[in-house]
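The block underneath contains the structure these notes are about, expressed in structure tokens.
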Amino acid sequence: MIAEDFAAAETAQRLRDHPDAVVWLDLFDPDLTDLEAVAEEFGLHPLAVEDAVEVHQRPKLDRYADHLFLNVYAVEFHGGDLSGKTEISAFITKRALITVRKSALAFDLEKLLKRWDADADLAALGGVNFLVYGLLDVVVDSQYATARQIDEAMDATEDQMLGEGGAPRAVRLYAFTLRKALAALRRAVAPMADVVDQVNRAEIELVNDHLRPYYRDVEDHAHRALDLLEHAYTRINDLLDADFTEQSNVLNQVTRKLAAWAAIIAVPTALTGYFGQNLPYPGYESWWGYVLSSSMIAVSAVGLYVFLKRRGWL
């Protein structure tokens, strides 16, 4: 390393003084004026500058005449949601990597610096290419780690989700939170393998032969992260569907029990209504009429109860 922590205005002069050097310039939440000053110095395209300022850009790699524009998301899983989701834009020139961080929540610069420092020999051969590789590696690793954390979080709730009678409401709401986090993570992870593949293509002329295997490794990790995410998303949907089915079964059982008891009550009520007519009926004004009506009520109620119990309605 030749120098660090110098003013951005000194960048161009330092690059002229050291023809073999490359520079990493990190900007945290700059406005359009700040970026325009950097764009003028490095010849950045206005459309790329505009994308770097705007938030919620899709993960992508755009090619311009003398530089590339990269947009990716580093993520962290905190307390059941993706509160630590950081959008990172990067301008890639032949001698400079300029990163634009729009949030400091999930992108730990120390991890990135340690990743670069871990292989000094590869850094000497790679230049800016190596800096881009380190950035992509850290971002993809954060995505894979987050997908794994969410998948592990489902382990703790799976037994409760599949329990008899359905999951408690708090568990069900947590499962919906996990599914929401997976949906948000998928938007960040799904395009990453294609983005890394574009960087690795020969026609872009960014990756040299020394770094090509490393980029393929990052691409493989991106595919693994997406596969794990898709598995977790299918799994949480299956758990929610199973819980919904169990709730429906419980509701059906309750409905059948209510219907059964309604039938048991309805028949004696009908008999009582018949014998309560203001007209003569068999046994009217006789003791055996009372016995007959009471017996019919008891027999019909008990008979219905036994019948419905055998059918599994009670």
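The table for this structure:
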item: Filter pass, residue 157 being among the polar types (S, T, N, Q), modelled with pLDDT under 90 and touching a strand residue (DSSP E or B) at 6+ places or on another chain (Cβ under 9 Å); result: no
item: Looking only at the range 242-265, and only at residues there that are of a type in the set (Val, Ile, Thr) and within 19 Å of residue 306 (Cβ to Cβ), the one that is most open to solvent (accessible area, probe 1.4 Å); result: 265
item: Enumeration of residues in the range 150-190 that are basic (Lys, Arg) and within 27 Å of residue 224 (Cβ to Cβ); result: 179, 180, 186, 187
item: Checking residue 210 against (1) under 30 Å from residue 160 (Cα atoms); (2) touching a residue at least 24 places away in the same chain (Cβ under 8 Å); (3) open to solvent by 60 Å² or more (accessible area, probe 1.4 Å); (4) not small (Gly, Ala, Ser), the condition it does not meet; result: (1)
item: Count of the range 218-241 residues which are touching a residue at least 12 places away in the same chain (Cβ under 8 Å), open to solvent by 60 Å² or more (accessible area, probe 1.4 Å) and closer than 14 Å to residue 141 by Cα; result: 2
item: So residue 184, is it hydrophobic (A, V, I, L, M, F, W, C) and surrounded by fewer than 23 Cβ atoms within 10 Å (Cβ to Cβ); result: yes
item: All positions within the range 149-189 that are among the basic types (Lys, Arg) and within 11 Å of the chain's Cα centre (by Cα); result: 179, 180, 186, 187
item: Residue count for the range 19-51, restricted to those that are touching a Lys or Arg at 6+ places or on another chain (Cβ under 6 Å) and among the β-branched types (Val, Ile, Thr); result: 1
item: Subset of the range 14-62 [among the β-branched types (Val, Ile, Thr), surrounded by fewer than 12 Cβ atoms within 10 Å (Cβ to Cβ) and touching a strand residue (DSSP E or B) at 6+ places or on another chain (Cβ under 9 Å)]; result: 55
item: Scan of the range 7-56 for residues that are over 23 Å from residue 124 (Cα atoms) and of a type in the set (D, E, K, R), ordered by number; result: 29, 31, 34, 36, 40, 41, 50, 51, 54
item: Residue within the range 99-109 that is closer than 30 Å to residue 238 by Cα and open to solvent by 50 Å² or more (accessible area, probe 1.4 Å) present; result: no
item: Selection within the range 187-199 - open to solvent by less than 20 Å² (accessible area, probe 1.4 Å) and either over 21 Å from residue 148 (Cβ atoms) or at pLDDT below 85 (or both); result: 199
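The values are calculated or read from the model by the stated rules, or taken from the named source; none is laboratory data. A quick note: this is a predicted structure, and the numbers were derived from the prediction, not measured. When we count neighbours, we look across all protein chains shown, and the Cβ atoms used for this are built from the backbone with ideal geometry, even at glycine. In case anyone asks, the SASA skips ligands and DNA or RNA and just uses the protein heavy atoms, side chains included. Shrake-Rupley method; radii C 1.70, N 1.55, O 1.52, S 1.80 Å.
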